Amino acid sequence: MRVLDGLAQAKPIFQKRSHWQHDSQDRRAVDEIISAVRNEGDAALQRFTQQFDGANLDDFRLPFTAFHEAALAVPAELKMAIKLAAKRVREFYEHQPKEGFIQQANGALLGQLVRPLEHVACYIPGGTAPLFSTVLMTAIPAQVAGVPDIVLATPPRPDGTVAPEILVAAREIGLKTVYRLGGAQAIAALAYGTESVPKVDKIVGPGNRFVVLAKQAVYGVVDIESLPGPTETLVLADGSANVHHVVADLLAQAEHLGAQPVLVTSSRELVGLINKELERQLSNLSTAAAARESIAKRGYIVVVSDLDEAVQIANAYAPEHLCLLVAEPWSLLPQVKNAGGIFVGENSMEALGDYIAGPSHVMPTGGTARFSSAVNVRDFQKVIHVVNLSAGLVQEIGPAAARMARAEGLEAHARAIESRLSTAIKNPDD
């Protein structure tokens, strides 16, 4: 891991990072896929599914019998773990605030209606490591929000099947519709609809660079939650940190493709121990090749003078995951401005948050935690403002509103307001 000296060196490097690196060829390929799906529908989906996934499918919706087969294929212990995770995620999101109204003076009532989206699709990466936990982390907040129609899309295997763990997670939370579709073609089908795939209102979930480019391209036709890039973790540690825990947390993210592991520490003694501990833990790690690549190409250690400087670096980096392995982690929380999720203390390892802690693991990456949030119930709801004003309040605030309307050159606005006033404000031109 490359060593940087403090905020001055780290800030310009971290602020230049971005999501997946896309080139013009990638964008053209995605645009061509989306155009083909829009124009040809299922025929294009069949062609691309054969080309990219090696599966020859006539029906993209997974047959219901596959859920039963999946339940038989997954060990009982894993099914119980999925059940526990689903319970904890649901309990967390059921505490999010609901709609409400504010009673004002003069009999006015202001408030908001909260209405769920009607149709949502959750994209679940299939690849070499099917992320079945993402089923829980995207669909459960949508269920709590009240979305009546939630479907999954996930790449098929060459024989047309889907990883049984994905189906067990779906069945655990009551989902019944799974489309065997992946990549940009899945995003296009969900956004525009085809003969067999109804279009949705929103698409959520992570994917490879082609999925992200496709989500970006269809935004506006449908909503998206974010453009998730490679995962990242910033571990903030002081002299009290256990080097084993520090390295374990860094490697937990480094094993992902394209990940960026970062350590910010006020302890030079800890820095001296990191490389030896990295080698020790990598020596028997099955995903060591990917982890080494992440560490060598994107890994950093930033040495700071104190924890105040460390938090400044964390805010500049705006990490997806911020892990506080310090003696008094709660004391740093008020200073944190930018993070997808904060993991407080050595017992709150981010890896646990990926599965079972409660909050969704779909969090902003690439510095977008400066302005966006992890997946939550509000991602699946619309907020509709409600205005109910009394006659008395109109008499009080109406003249000011009419003056503002005329100052903006909107005479009809002013007259609509004055039509409710007992004593109209005369137009200066009358």
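Side notes on the structure shown:
- Output for the range 15-52, where each listed residue is out of contact with any strand residue (DSSP E or B) (no Cβ under 8 Å at 6 or more places or on another chain) and closer than 30 Å to residue 277 by Cα: 15, 16, 18, 19, 20
- Near pairs, Cβ below 7 angstrom, 6+ apart or cross-chain, from the range 257-285 (within 29 Å of residue 126 (Cβ to Cβ)) to any residue that is among the β-branched types (Val, Ile, Thr) and part of a helix (DSSP H, G or I): 261/295; 281/247
- Test: residue in the range 291-301 that is in contact (Cβ under 8 Å) with a residue 12 or more places away in the chain, surrounded by fewer than 23 Cβ atoms within 10 Å (Cβ to Cβ), more than 16 Å from residue 2 (Cα to Cα) and not acidic (Asp, Glu): no
- Hits in the range 386-424 (condition: within 30 Å of residue 90 (Cβ to Cβ) and either at pLDDT 95 or above or of a type in the set (Ser, Thr, Tyr) (or both)): none
- Tally of residues being in contact (Cβ under 8 Å) with a residue 40 or more places away in the chain and assigned to a loop (DSSP other than H, G, I, E, B) across the range 164-180: 4
- Annotation: residue 330 fulfils all but one of (1) modelled with pLDDT under 95; (2) out of contact with any helix residue (DSSP H, G or I) (no Cβ under 7 Å at 6 or more places or on another chain); (3) not charged (D, E, K, R); the unmet one is (1).
- Checking residue 378 against (1) within 25 Å of residue 132 (Cβ to Cβ); (2) surrounded by 15 or more Cβ atoms within 10 Å (Cβ to Cβ); (3) in contact (Cβ under 8 Å) with a residue 40 or more places away in the chain, the condition it does not meet: (2)
- The single condition among (1) modelled with pLDDT under 95; (2) on the phi < 0 side of the Ramachandran plot; (3) surrounded by 13 or more Cβ atoms within 10 Å (Cβ to Cβ); (4) touching a strand residue (DSSP E or B) at 6+ places or on another chain (Cβ under 9 Å) that residue 383 does not meet is (3).
- Odd one out for residue 25, checked against (1) modelled with pLDDT under 95; (2) at positive phi; (3) not basic (Lys, Arg): (2)
- Residues that are under 13 Å from residue 236 (Cα atoms) and among the hydroxyl-bearing types (Ser, Thr, Tyr) occur at least once in the range 283-302.
The values are calculated or read from the model by the stated rules, or taken from the named source; none is laboratory data. Treat the numbers as computed from the prediction; the structure is a model and nothing was measured. Note that we place each Cβ from the backbone using ideal geometry, even for glycine, and neighbour counts take in every protein chain shown.
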